[in-house]
Amino acid sequence: MRNRVPGLDGIRAICAIAVTAVHVSFTAGVMGAYTDAPSNDVGAFFLAGLRPIFLGPFFVLSGMLLYRPFARWTLTGSRRPAVGPFLVKRLARLWPAYILLSLTCVFLLNYDSIDGPWYVLRPILMLQVYDYTWIPGMDPAWTVPAEMQYYLALPVLAVIGHFLAKGARTTEAKVRRMLVAPAVLVVFSACWTFYIHRAEMGPFPKQYWWPLAVGGAFALGMWMAIMHVQVEIDPAKKPYLYRLAGKRPNLLWLGAFVVYIVNCIQPFGRPGYGDYEPSKTALIQYFLLLAFSYALVMPLTVPETKSRLLEAVTANPVSRFLGRISYGIYLWHFAVMYFYFESGSIFGEPPALMNVLRGQIGFFELMTAVMVGTIVISTLSHYLFEQPILKAVHRVLERRERARGQVPPPRPGADGTTGSTAGSVREGAPAGR
């Protein structure tokens with residue numbers, strides 16, 4: 001495991017809180033929905049603008065951190081990352097907290113809906129997004145199966161990139177060929193987004209929850225990984241966008257803010273509403289998400305970046321702590337809302353639709369209750385459940401690798417983790433939420 005980059009933890013925290021705020025604002029009635037007008041036009045304008053662009057950095061970070069060793073394999077000729085240990089580590093990172101949420105939601109909130117073993121196994125196996133089975137409390141967790149399936153696809157994409165780059169004589173030529181697969185994924189994902197938002201599909205069709213629509217953000221992360229390795233090989237030939245992120249990080253963050261404001265306006269949509277977007281709006285939001293994610297994340301990954309603003313926002317102790325438990329914040333905030341409303345099987349009734357619960361409580365009261373409950377649960381889950389499992393898996397894999405003579409014994413890193421301190425980003429960092 002390599003060193004953590006504090007700023008990346010901070011970005012995870014910001015994005016998890018932003019997603020929580022969107023869902024709380026909808027439930028509190030601040031944001032409009034179809035025939036329901038916003039209860040606060042100004043608040044709804046800025047809160048609706050958070051969706052869906054603050055979801056993008058999660059997938060960008062995953063693509064960047066996890067593809068980087070594979071990109072190094074192709075561009076430097078280093079040993080290919082072992083696929084088995086890679087997938088085991090990803091599963092150990094993603095699955096434990098997800099299973100804990102699944103069992104809690106199934107047996108405490110949706111017990112009356114259990115009609116057989118498949119109802120319990122479906123979410124555990126991350127298959128509920130395909131038939132689409134709505135399990136109240138797990139509403140935001142649809143992205144976890146998507147992320148896991150991109151983990152499975154990443155070694156395949158890496159092999160495709162490696163094959164395409166074979167025979168290229170220069171690093172620049174290899175990079176151009178490696179970018180083919182991510183570029184195809186971006187285009188295909190954009191077309192899929194346009195397709196599932198057509199009027200005849202209806203609001204939130206089951207295809208909406210499939211992993212294809214978030215592929216562009218993952219591909220963007222892969223491109224950023226390639227760029228980082230390219231600079232490692234030849235620091236004198238830094239691409240323009242890389243140099244800009246290092247020299248003008250505040251300018252990129254200003255660009256991210258401008259993108260956010262444009263998203264608040266919702267071109268071809270309705271500002272302040274949480275409707276299912278028409279195709280034109282969804283496609284514009286798709287590219288706004290990519291631009292926002294790059295401008296927000298890239299400056300934090302360039303080693304020479306110096307910005308008091310970025311450091312103050314993302315590397316302070318609170319942001320770092322919340323970033324460490326951000327996966328739990330993302331997973332649990334919807335379930336906490338159900339518990340707060342006392343809506344679910346454990347309270348003697350089936351869980352209600354959020355449309356039914358809308359407007360029963362003010363935004364700040366609900367946001368405070370959800371954040372406090374979510375932080376408590378996420379902290380306990382992270383330190384008592386997720387981290388012990390993850391560390392145990394890493395120890396077993398490291399012992400096996402040392403026994404085979406494949407890696408040197410681990411040594412303490414600067415932040416107390418083990419492994420090399422080289423590089424600007426920790427490839428072993430928990431990706432995603």
Item to check | Leading residue by the ranking (most open to solvent (accessible area, probe 1.4 Å)) among those in segment 234-291 that are assigned to a loop (DSSP other than H, G, I, E, B) and hydrophobic (A, V, I, L, M, F, W, C) | outcome: PHE268
Item to check | Members of segment 322-353 found to be part of a helix (DSSP H, G or I) and without any contact (Cβ under 8 Å) to a residue 12 or more places away in the chain, listed by number | outcome: PHE347
Item to check | Residues being farther than 14 Å from GLY348 by Cα, touching a residue at least 40 places away in the same chain (Cβ under 8 Å) and open to solvent by less than 50 Å² (accessible area, probe 1.4 Å) - total across segment 100-109 | outcome: 3
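Specify the residue that is nearest to the chain's Cα centre (by Cα); the eligible residues are those in segment 166-180 that are surrounded by fewer than 21 Cβ atoms within 10 Å (Cβ to Cβ) and in a helix (DSSP H, G or I). Break it down stepwise before answering.
Of segment 166-180, the ones surrounded by fewer than 21 Cβ atoms within 10 Å (Cβ to Cβ) are 166-173, 176-177, 179-180.
Keeping just the survivors that are in a helix (DSSP H, G or I) gives 171-173, 176-177, 180.
Details: THR171: 30, GLU172: 29, ALA173: 30, ARG176: 26, ARG177: 26, VAL180: 23 Å.
Checked segment 166-180; the qualifying residue nearest to the chain's Cα centre (by Cα) is VAL180.
Would you confirm whether any residue within segment 50-62 is among the polar types (S, T, N, Q) and surrounded by fewer than 22 Cβ atoms within 10 Å (Cβ to Cβ)?
No, the conditions are met nowhere in segment 50-62.
Evaluate segment 215-225: report whether one residue or more is in a helix (DSSP H, G or I) and open to solvent by 40 Å² or more (accessible area, probe 1.4 Å). So that I can check it myself, show each step before the final result.
Just the residues of segment 215-225 that are in a helix (DSSP H, G or I), to begin with: 215-225.
The next check asks that each one be open to solvent by 40 Å² or more (accessible area, probe 1.4 Å); those that pass are 223.
Yes, some residue in segment 215-225 is in a helix (DSSP H, G or I) and open to solvent by 40 Å² or more (accessible area, probe 1.4 Å).
Name the single residue that is surrounded by the fewest Cβ atoms within 10 Å (Cβ to Cβ) among those in segment 64-97 being part of a loop (DSSP other than H, G, I, E, B) and of a type in the set (Gly, Ala, Ser).
GLY77
From the list ASP112, ASP41, which residue is open to solvent by 10 Å² or more (accessible area, probe 1.4 Å), of a type in the set (D, E, K, R), modelled with pLDDT under 95 and in contact with a helix residue (DSSP H, G or I) (Cβ under 8 Å, 6 or more places away or on another chain)? Before you say what the answer is, go through the steps one by one.
Working: ASP41 fails: in contact with a helix residue (DSSP H, G or I) (Cβ under 8 Å, 6 or more places away or on another chain).
Within the list ASP112, ASP41, the selection yields ASP112.
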Item to check | Selected residue [buried (at least 16 other Cβ atoms within 10 Å of the Cβ), among the hydrophobic types (A, V, I, L, M, F, W, C) and modelled with pLDDT under 95] from ILE325, ILE329, ILE361, ILE375 | outcome: ILE361
Next on the checklist: Against the conditions (1) within 21 Å of the chain's Cα centre (by Cα); (2) open to solvent by less than 10 Å² (accessible area, probe 1.4 Å), where does LEU185 fall short? Just the number, please.
Outcome noted: (2)
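The values are calculated or read from the model by the stated rules, or taken from the named source; none is laboratory data. From a predicted model like this one, the values you see are computed outputs, not experimental measurements. Please note: Cβ atoms are built from the backbone with ideal geometry, for glycine as well, and neighbour counts cover all protein chains shown. All accessible areas refer to the heavy atoms of the entire protein, side chains included, with ligands and DNA or RNA removed. Shrake-Rupley method; radii C 1.70, N 1.55, O 1.52, S 1.80 Å.
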